[in-house]
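Presented below is the structure to which this report refers.
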Amino acid sequence: MLGSKIPLNESKRLEMLTQFEIIDSDFEESYDQIVELASKICQTPIALISLIDEKRQWFKAKVGLEVRETPRELAFCGYAVYESSSLIVQDTWLDDRFKSHPLVLGDPKIRFYAGFPIQAENGVTLGTVCAIDRVPRELSTDQLRALEILANQVESLLQLRIASLKIKKYLQELEEAALLKTKFFSLISHDLRSPFNGLLGFSSLLKEGAASMSSEAIALMANDIHSTASEAYALLNNLLEWSMLERGLIQPEYVEIELGATIRKTEILYRDLLAQKKIKFTVDPKSFLGLMKTDERMLETILRNLISNAIKFTPCEGRIDCSVIRTNQAYTIEVRDSGVGMSQEKVAKIFSSFAISSTVGTAGERGSGLGLNICHQFIERLNGKIAIESEIGKGTVFRVEIPA
């Protein structure tokens, strides 16, 4: 049957039909009124707004028909979709294309059909507005023109639908952005207050009691001040990078770097924290693999966040192992820890914007909750990908793959 033939623009047609989000939607008064008008104007017992998807003829609105859909290969509407033009059949019994058609010989016993195409952009035909009768008939020029106008009205309704969907999506994004911003600033204000309170407390003790304190006590307090200041700096740094990402101000700048040296540089940055928690940090010697072309700042941020996250959630006397595997296609960086691990549910949500939360580490460490989110965004900008393996009580592995 011609109705089952596939138009040349079928993939585009189905893509546009999907964009309208109309297939399997509820009945709507504006569409119902169009088929009611079509039935009255053409004086036919049946009128339909028929849309053709991959396998079905589906009716957005209908008068005089019980079913909501039929197989695509039986659709009279399929002719209009295939040929992108109107279809008028005054008597199906006299038309070789239809005289043995199942919908002519059986219910609804179609003898007359008039359908005008519903077209989207660039003449892509999605379906028809059609009038159907069980007896032969002929429509006047005015009736045919009215049916064409009604098809045009459906096209207008579909364009309004697209506009409405875009507005709805935009409002949803605004609402999500507002919620995220509220959550984010609440988190930042809470987590920044903690280290600054610590700095103020330590500096106040030094100011008032330094003269009577031993050099050992002053050294210990200086170490606490340094750790707290480092924590505050990391929070502010994450805040700055997140802000720049949100405004689209960070784009990759590719240069050649020594990956092994970059890993070692990051280790040195966290040497004091590693020593405080007596964590053994190892780097596979094979990770010193010569030059890698990438964005140095982004890679350093990725490594910094992965390693600091591993330190945070690894208990005292644990271990963190870092390695790199190079192939012709990619560098795979692996950071493995013996930490507290995560549930699979948390792993699935960890990179979501709305999963941003500050979780206290094994030694009471705090963070902004932004680090892994920033890490994920940088990896995407480098056309890479990240995978996580984790088990509660047994540790976590972060595996980053960046194209060579």
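The values are calculated or read from the model by the stated rules, or taken from the named source; none is laboratory data. Owing to the predicted nature of the structure, the values given are computational and were not obtained by experimental measurement. For neighbour counting, all protein chains shown are included, and Cβ atoms are generated from backbone atoms with ideal geometry for every residue, glycine included.
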(message) Quick check on this structure: which one of Ala114, Ala131 is closer than 26 Å to Leu8 by Cα, aliphatic (A, V, I, L, M) and either touching a Cys at 6+ places or on another chain (Cβ under 9 Å) or not in a strand (DSSP E or B) (or both)?
(response) Ala114
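If only one of Leu174, Leu160 is loosely packed, with under 13 Cβ neighbours inside 10 Å and not assigned by TED's automatic domain parsing to the domain that holds Met16, which one is it?
Working: Leu160 fails: not assigned by TED's automatic domain parsing to the domain that holds Met16.
Step by step, each of Leu174, Leu160 is checked, and only Leu174 is loosely packed, with under 13 Cβ neighbours inside 10 Å and not assigned by TED's automatic domain parsing to the domain that holds Met16.
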(request) Inspect all residues belonging to segment 47-57 and state whether any of them is at pLDDT below 95, out of contact with any His (no Cβ under 9 Å at 6 or more places or on another chain), part of a helix (DSSP H, G or I) and in the same structural domain as Gly115 (by TED's automatic domain parsing). (result) no
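Tell me whether segment 178-192 contains one or more residues that are hydroxyl-bearing (Ser, Thr, Tyr) and at pLDDT 75 or above. Don't jump to the end; show me each part of the working.
From segment 178-192, those hydroxyl-bearing (Ser, Thr, Tyr) are 182, 186, 189; that's our starting set.
From the residues that got through so far, the ones that are at pLDDT 75 or above too are none.
No; the residues of segment 178-192 include none that is hydroxyl-bearing (Ser, Thr, Tyr) and at pLDDT 75 or above.
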